[in-house]
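Trainee: Quick one: the structure is below, and I'll ask about it shortly.
The values are calculated or read from the model by the stated rules, or taken from the named source; none is laboratory data. Predicted model only: the values in this text are computed from it and were never measured. All Cβ positions, glycine included, derive from the backbone under ideal geometry; neighbour counts span all protein chains shown.
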Amino acid sequence: MMKKIILTGNIEKTQKCDLKNIGLRIQYARKDIGLSQSMLADKIGIHVVSLSKIESGKVNTTIETLCRIAEVTNKPMSYFFGEEPKQMYNSDVDDLKKQIAEIKEDIKKYQK
């Protein structure tokens, strides 16, 4: 879905708003602190079914709800609007795997 945003005067900018990515980021933030959907829904004052639909990208969330999610998960609001979470997550995992392999090699060198 494309939204046209008027900045000032005749300047226009097109911004992609992808609900699925926002929902995935909410899910990752929730799991990062060890909460179930039910637990987060209780903490932010919405029904668990509503949270499930938000996380799956089926419905919009309000700014107010997103602010409460950010507060509970200790994430800045900008976190929910970043690059695609799966790509970021996979690259982070790949980087960590490389670092672990390097550490294992260093350990082997020092054990000899």
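Trainee: Suppose the filter is out of contact with any Cys (no Cβ under 6 Å at 6 or more places or on another chain), at pLDDT below 95 and over 19 Å from Phe81 (Cα atoms); does Gly57 pass it? Step through it out loud before you land on a result.
Mentor: Details: out of contact with any Cys (no Cβ under 6 Å at 6 or more places or on another chain): yes; at pLDDT below 95: yes; over 19 Å from Phe81 (Cα atoms): no.
When the stated conditions are applied, Gly57 does not pass them.
Trainee: Let me ask you something else. Name the one entry in Ala29, Ala41 that is at pLDDT 95 or above, surrounded by 18 or more Cβ atoms within 10 Å (Cβ to Cβ) and assigned to a helix (DSSP H, G or I). If you could, list the steps in order and put the result at the bottom.
Mentor: Working: Ala29 fails: at pLDDT 95 or above.
When all the criteria are applied, what remains is Ala41.
Trainee: Moving on to the next point. Go through the range 35-60 and give me each residue that's within 14 Å of the chain's Cα centre (by Cα) and of a type outside the set (A, V, I, L, M).
Mentor: Listed by number, the residues that qualify are Glu55, Ser56, Gly57.
Trainee: Could you check, for the range 71-82, whether at least one of its residues is among the small types (Gly, Ala, Ser), modelled with pLDDT under 90 and outside any loop (DSSP other than H, G, I, E, B)? Don't jump to the end; show me each part of the working.
Mentor: Here is the first cut: in the range 71-82, the ones among the small types (Gly, Ala, Ser) are 78, 82.
Going one step further and asking which of them are modelled with pLDDT under 90, we end up with 78, 82.
Applying the additional criterion that residues be outside any loop (DSSP other than H, G, I, E, B) yields 78.
For the range 71-82, residues among the small types (Gly, Ala, Ser), modelled with pLDDT under 90 and outside any loop (DSSP other than H, G, I, E, B): present.
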